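> Let me give you the structure first, and then I'll get to my questions.
The values are calculated or read from the model by the stated rules, or taken from the named source; none is laboratory data. Please read these numbers as outputs of a predicted model, since none were measured by experiment. Heads up, the Cβs are rebuilt from the backbone with ideal geometry, glycines too, and the neighbour counts pull from every protein chain shown.
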Amino acid sequence: MNRGLVVVRGGGDIASGTIHRLTKCGFRVVVLEIDKPTVIRRTVSFANALFDKEITIEGIKAIRTDDINHVDDYLNKSIIPILVDETGKSIDTLKPDIVIDAILAKKNLGTNMEMAPIVIGLGPGFTAGKDVHAVIETNRGHDLGKVIYTGKPQKNTGIPGNIEGYTHERVIRSSNEGIVSTKASIGDIVNKGDCIGYVDELPILAPLDGVIRGLIKSGLHVTKNFKIGDVDPRGKVDHCFTISDKARAVAGGVLEAILTMHK
């Protein structure tokens with residue numbers, strides 16, 4: 001089944017929920033990413049294929065390709081090709097039916113309605129009817145996953161999702177600028193104060209007891225106060241390797257928007 005070609009800008013964990021859903025539903029999906037994505041939940045982010053050459057998430061495989069001419073070969077094998085393309089320049093060549101901006105940059109990085117017959121943006125930074133045909137609400141709460149055809153979604157709150165009473169507390173941020181080197185892995189159980197890595201010589205400490213659900217790729221350069229990981233106080237290791245409720249809710253909104261607008 002081929003429902004059409006979709007280009008998704010961004011391959012983080014929220015984007016990957018949409019990429020996975022559309023692939024399962026018969027769409028041919030191509031992902032565009034930056035060369036060194038600073039994704040945190042790498043085990044459920046197709047963007048991680050840019051580091052490890054390939055990744056499989058819940059049965060769906062993605063492979064990095066540096067040649068746009070190989071895209072069809074991978075799609076014909078039901079594999080998601082991931083291209084390094086920060087600006088979306090390859091969209092003109094690919095000529096997709098649908099473009100989804102899932103970068104979650106909180107601002108529009110060049111996506112417009114001329115890119116494809118259907119253009120969808122995820123989260124704040126887009127105005128439906130102006131620069132995209134529809135926007136999907138990404139803020140947790142009553143409207144998560146809602147399709148917006150006119151106007152804007154809710155503004156970025158800057159507050160991480162509440163898990164067992166923890167919001168900001170569960171997020172790990174760099175205390176200085178430098179190169180990240182990790183000594184722990186996603187899925188590891190940690191106690192508050194455990195050293196899980198370093199930014200240059202300064203240690204990265206677990207902010208609370210739980211499981212490491214996200215941790216930035218070792219070797220990347222970060223600025224001070226950069227988000228480099230998160231700890232889930234529920235301690236459920238399997239959550240680290242499966243798509244989240246939020247990502248699935250957003251993916252449902254994307255699918256609804258496509259089926260509503262697809263003629």
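> Scan Arg9, Arg28, Arg64 and give me the residue that is in contact (Cβ under 8 Å) with a residue 12 or more places away in the chain, crowded, with 16+ Cβ neighbours inside 10 Å and in contact with a Lys or Arg (Cβ under 7 Å, 6 or more places away or on another chain). Give the derivation first.
Details: Arg9 fails: in contact with a Lys or Arg (Cβ under 7 Å, 6 or more places away or on another chain); Arg28 fails: in contact with a Lys or Arg (Cβ under 7 Å, 6 or more places away or on another chain).
From the options Arg9, Arg28, Arg64, the qualifying one is Arg64.
> While we're looking at this one, here's another question. Looking at Val44, is it crowded, with 20+ Cβ neighbours inside 10 Å, of a type in the set (A, V, I, L, M, F, W, C) and modelled with pLDDT of 95 or more?
Taking the combined requirement at face value, the residue satisfies it.
> Hey, Gly110 hits all of (1) surrounded by fewer than 20 Cβ atoms within 10 Å (Cβ to Cβ); (2) modelled with pLDDT of 95 or more but one; which does it fall short on?
All conditions pass for Gly110, except number (2).
> Yes or no: the stretch 13-24 includes at least one residue that is under 16 Å from Ala116 (Cβ atoms), touching a residue at least 60 places away in the same chain (Cβ under 8 Å), of a type outside the set (Val, Ile, Thr) and not in a loop (DSSP other than H, G, I, E, B).
Yes, some residue in the stretch 13-24 is under 16 Å from Ala116 (Cβ atoms), touching a residue at least 60 places away in the same chain (Cβ under 8 Å), of a type outside the set (Val, Ile, Thr) and not in a loop (DSSP other than H, G, I, E, B).
> Here's a follow-up. Given the criterion touching a Pro at 6+ places or on another chain (Cβ under 8 Å) and more than 15 Å from Thr43 (Cα to Cα), identify the matching residue among Asp194, Asp209, Asp245.
Checking each option against the conditions leaves just Asp209.
> Can you name the strands (runs of 3 or more DSSP E) wholly within the stretch 188-263 that have at least 2 residues being exposed (fewer than 14 other Cβ atoms within 10 Å of the Cβ) and more than 16 Å from the chain's Cα centre (by Cα)?
Values: elements: 195-199, 202-205, 210-215, 227-232.
Counting at least 2 such residues, we get 202-205.
> For the stretch 118-144, name all the residues that are farther than 22 Å from Pro96 by Cα, in contact (Cβ under 8 Å) with a residue 60 or more places away in the chain and either β-branched (Val, Ile, Thr) or crowded, with 20+ Cβ neighbours inside 10 Å (or both).
The answer is Glu137, Thr138.
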